[in-house]
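Report on the structure given below.
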Amino acid sequence: MNSGKVCVSICDRTSDGLFEKIEASSKWADLLEIRFDCLDPEEIAKVIDRVETPQQPHSGSLLATFRPQEQGGQRHLTTDDRRRFWSQGRERSYWGGDFEEDFIEESAHSRWSNRIVSHHDFFGSAPNVESIYERLRSTPATHIKIAIQANLITDAIPLWNLLQTAKAAGKHLIPVAMGEAGKWTRILGLAHGAFLTFAAPAAGAETAPGQISAADMTNVFRVKHLDRQTEVFGIVAGDSTYSVSPWMHNAAFTAADMNRVFIPLQVSDLDEFMSRMVKPETREVDLNFRGFSVTNPHKQAVIKHLDGIDETAEKIGAVNTVKIEDGKLLGYNTDAPGFILPLQAQFGSLSGINVSVVGAGGAARACIYALQQENANVTLFARDPAKAEALGDEFKIPVATLAPERSFGAADVLINTTPLGTSGDYENDSIATAEQLRGVKLVYDLVYNPTETLLIRNAKAAGVPTIGGLEMLISQGARQFEIWTGEKAPIDEMAAGVKKKLGL
């Protein structure tokens, strides 16, 4: 447990809508931030009057914010607009107010007992956060908030290290690294001494980039229960937005009553991440990392950073699981067993069957290895001929061109290891049309989000049985859990966590 607070940031154009969100969010929140700058101008007085009513159930737990557009607010505000608003404050009805740096001096003359002074940088320009902190700590604020845009995961390191500086000075600091790459600061902040962390009332209702819903912060990441001894795991990905692994692994840790948490780690520069955040001899932060899932595009690149890899990972040439033990980084590959078990369960013996594998990345390597272990005949298809030829030579399998007019009918099983079909930019793409799939006996798509990809829909249209990526995800995730913990994986809870996230 920690003593930090979860603050749910509420934004709505109308007073009725705002109070509906407040009621829905109150069960998750220690504080409720009212973003008055979101309200239509004529609605502001209605909210103030309603807050001031004697029956207001949230008295003392409200944080008022009235931020101008140039500082992250929702509309243009003049200095007079802001001065008139803040003069309406009532100490008894609010926990406090969030003031921008240019207005914090005026707040000292008002009746706000708690005053946050905020600095926002939305440009990812690597600001000198140390000098910003020194400037803000000299103001009459009771709490300091510094929010920066994190384009790289390591952009947040200087801000994060201010937590120790503030603690030594007896200051309450709220460090926020905005964006997907900065989510780790929102999840781990309370455990490391941050005064509060901001959350959204629901997915899609975020008031800043990278906010996580209050329900997920509380139930999935359990931010109020984390401490400095919490063992931290995460998914190292080029794009972590689509991953449901946090919902799978956190469900497992919760079911097993472990002081562990699994977080998204969006990493574009793997070398810098490993050097500055992971390796004991060079890291600039100590987050108590104990292991990672590794996905595209880092499954091969991560190997050079490891102290050793198991036989399966060595033969595949790719790692999807890292365990950190006694300062050593050990690599494994659970993709191969995770992939093959669902296929055997549905198809039966794989000996002598013809399998077409599409893609030439780390997942393809694991599939080819597992299929060869079962004596299947594998043909590789890829859009990058040079990459495909190198992989084909390595595994001694034939390589074919992936062309729009090609039929896969000669294959018993077609496997998609590419990101085509994944939620987001690739969602409307597929490696094959229904016509190209006629004659195939089984289509196996490793994409799991969405659960029914365009390829799966095309296969069904062609009358071909299918396996989705969800089965492989859970199968390989269970093996990861066992590697990290040495205990049997709670597979039912892991599956339930994933399905809840996907709305299944």
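The values are calculated or read from the model by the stated rules, or taken from the named source; none is laboratory data. Predicted model, so just to flag it, every value in this text is computed and none were measured. All Cβ positions, even for glycine, are placed from backbone atoms using ideal geometry, and neighbour counts span all protein chains on display. SASA here: full protein model, heavy atoms, side chains in, ligands and nucleic acids out. Shrake-Rupley method; radii C 1.70, N 1.55, O 1.52, S 1.80 Å.
Do we find that PRO140 is surrounded by fewer than 17 Cβ atoms within 10 Å (Cβ to Cβ) and in contact (Cβ under 8 Å) with a residue 12 or more places away in the chain in this structure?
yes
Could you tell me which numbered condition ALA156 fails, if it satisfies all but one of (1) open to solvent by 10 Å² or more (accessible area, probe 1.4 Å); (2) part of a helix (DSSP H, G or I); (3) within 23 Å of SER240 (Cα to Cα)?
Every listed condition holds for ALA156 apart from (1).
I need the full set of residues from region 339-363 which are under 17 Å from GLY468 (Cα atoms), surrounded by 24 or more Cβ atoms within 10 Å (Cβ to Cβ) and either in contact with a helix residue (DSSP H, G or I) (Cβ under 7 Å, 6 or more places away or on another chain) or of a type in the set (Lys, Arg) (or both), in order please.
Passing the criteria: PHE339, VAL355, VAL357, ALA363.
When the residues of region 295-319 are filtered to those that are touching a residue at least 60 places away in the same chain (Cβ under 8 Å) and open to solvent by less than 50 Å² (accessible area, probe 1.4 Å), which remaining residue is nearest to the chain's Cα centre (by Cα)?
Among them, the one singled out is THR295.
Please pick out the residue among GLU471, GLU452 that is surrounded by 20 or more Cβ atoms within 10 Å (Cβ to Cβ) and more than 21 Å from THR401 (Cβ to Cβ). Break it down stepwise before answering.
Values: GLU452 fails: surrounded by 20 or more Cβ atoms within 10 Å (Cβ to Cβ).
One residue alone meets the criteria, GLU471.
Out of region 414-439, which residues are surrounded by fewer than 24 Cβ atoms within 10 Å (Cβ to Cβ) and either in contact with a strand residue (DSSP E or B) (Cβ under 6 Å, 6 or more places away or on another chain) or in contact (Cβ under 8 Å) with a residue 40 or more places away in the chain (or both)?
Scanning region 414-439 gives PRO419, THR422, SER423, GLY424.
Given ALA363, ALA390, ALA386, ALA370, which one is within 34 Å of the chain's Cα centre (by Cα), at pLDDT below 95 and within 22 Å of ILE474 (Cα to Cα)?
Numbers: ALA390 fails: within 22 Å of ILE474 (Cα to Cα); ALA386 fails: within 22 Å of ILE474 (Cα to Cα); ALA370 fails: at pLDDT below 95.
Of ALA363, ALA390, ALA386, ALA370, the one residue that is within 34 Å of the chain's Cα centre (by Cα), at pLDDT below 95 and within 22 Å of ILE474 (Cα to Cα) is ALA363.
With respect to LEU32, is the statement that it is more than 29 Å from the chain's Cα centre (by Cα) and at pLDDT 95 or above true?
So LEU32 fails the test.
Would you mind stating whether GLU134 is out of contact with any Leu (no Cβ under 8 Å at 6 or more places or on another chain), free of Cβ contacts under 8 Å to residues at least 24 places away in the same chain and either open to solvent by 40 Å² or more (accessible area, probe 1.4 Å) or not aromatic (Phe, Trp, Tyr) (or both)?
Numbers: out of contact with any Leu (no Cβ under 8 Å at 6 or more places or on another chain): yes; free of Cβ contacts under 8 Å to residues at least 24 places away in the same chain: yes; either open to solvent by 40 Å² or more (accessible area, probe 1.4 Å) or not aromatic (Phe, Trp, Tyr) (or both): yes.
In short, yes.
Can you find a residue that is crowded, with 21+ Cβ neighbours inside 10 Å, closer than 17 Å to ARG365 by Cα and either among the β-branched types (Val, Ile, Thr) or touching a residue at least 12 places away in the same chain (Cβ under 8 Å) (or both) anywhere in region 275-291?
Checking region 275-291: not a single residue is crowded, with 21+ Cβ neighbours inside 10 Å, closer than 17 Å to ARG365 by Cα and either among the β-branched types (Val, Ile, Thr) or touching a residue at least 12 places away in the same chain (Cβ under 8 Å) (or both).
Counting just the residues of region 141-189 that are of a type in the set (Val, Ile, Thr) and within 18 Å of the chain's Cα centre (by Cα), which one comes out farthest from ASN128 (Cα to Cα)?
ILE187
Being out of contact with any helix residue (DSSP H, G or I) (no Cβ under 7 Å at 6 or more places or on another chain), under 21 Å from PRO264 (Cβ atoms) and of a type in the set (Val, Ile, Thr) narrows it down to one of ILE132, ILE148, ILE187, ILE174, so name that one.
The unique qualifying residue is ILE174.
From the set of residues in region 95-131 that are of a type outside the set (A, V, I, L, M, F, W, C) and assigned to a helix (DSSP H, G or I), which is surrounded by the most Cβ atoms within 10 Å (Cβ to Cβ)?
Of region 95-131, the ones of a type outside the set (A, V, I, L, M, F, W, C) are 96-98, 100-102, 105-107, 109-111, 113-115, 118-121, 124-125, 127-128, 130-131.
If we keep only those that are assigned to a helix (DSSP H, G or I) too, we end up with 101-102, 105-107, 130-131.
Values: GLU101: 16, ASP102: 12, GLU105: 13, GLU106: 15, SER107: 22, GLU130: 13, SER131: 9.
Looking at the filtered set, the residue picked out is SER107.
Taking ALA214 as the residue in question, decide whether it is under 26 Å from GLY424 (Cα atoms) and in contact with a Phe, Trp or Tyr (Cβ under 6 Å, 6 or more places away or on another chain).
For ALA214, the condition - under 26 Å from GLY424 (Cα atoms) and in contact with a Phe, Trp or Tyr (Cβ under 6 Å, 6 or more places away or on another chain) - is met.
Within 22 Å of LEU454 (Cα to Cα), buried (at least 21 other Cβ atoms within 10 Å of the Cβ) and without any contact (Cβ under 8 Å) to a residue 60 or more places away in the chain - does that describe any residue in region 383-395?
No, region 383-395 contains no residue that is within 22 Å of LEU454 (Cα to Cα), buried (at least 21 other Cβ atoms within 10 Å of the Cβ) and without any contact (Cβ under 8 Å) to a residue 60 or more places away in the chain.
Among the residues of region 443-490, how many are touching a helix residue (DSSP H, G or I) at 6+ places or on another chain (Cβ under 8 Å) and within 26 Å of PHE289 (Cβ to Cβ)?
16
Report, by residue number, each residue of region 183-207 that is open to solvent by 30 Å² or more (accessible area, probe 1.4 Å) and not in a loop (DSSP other than H, G, I, E, B).
Within region 183-207, LYS183 is the sole residue that qualifies.
Would you confirm whether or not region 170-182 contains a residue that is touching a Leu at 6+ places or on another chain (Cβ under 7 Å), farther than 18 Å from LEU63 by Cα and either surrounded by fewer than 24 Cβ atoms within 10 Å (Cβ to Cβ) or of a type in the set (Phe, Trp, Tyr) (or both)?
The answer is no, given that none of the residues of region 170-182 is touching a Leu at 6+ places or on another chain (Cβ under 7 Å), farther than 18 Å from LEU63 by Cα and either surrounded by fewer than 24 Cβ atoms within 10 Å (Cβ to Cβ) or of a type in the set (Phe, Trp, Tyr) (or both).
For region 320-337, enumerate the residues that are crowded, with 24+ Cβ neighbours inside 10 Å and assigned to a helix (DSSP H, G or I).
ASP335, ALA336
Can you work out which of the residues in region 3-29 that are modelled with pLDDT under 95 and polar (S, T, N, Q) is nearest to the chain's Cα centre (by Cα)?
The selected residue is SER25.
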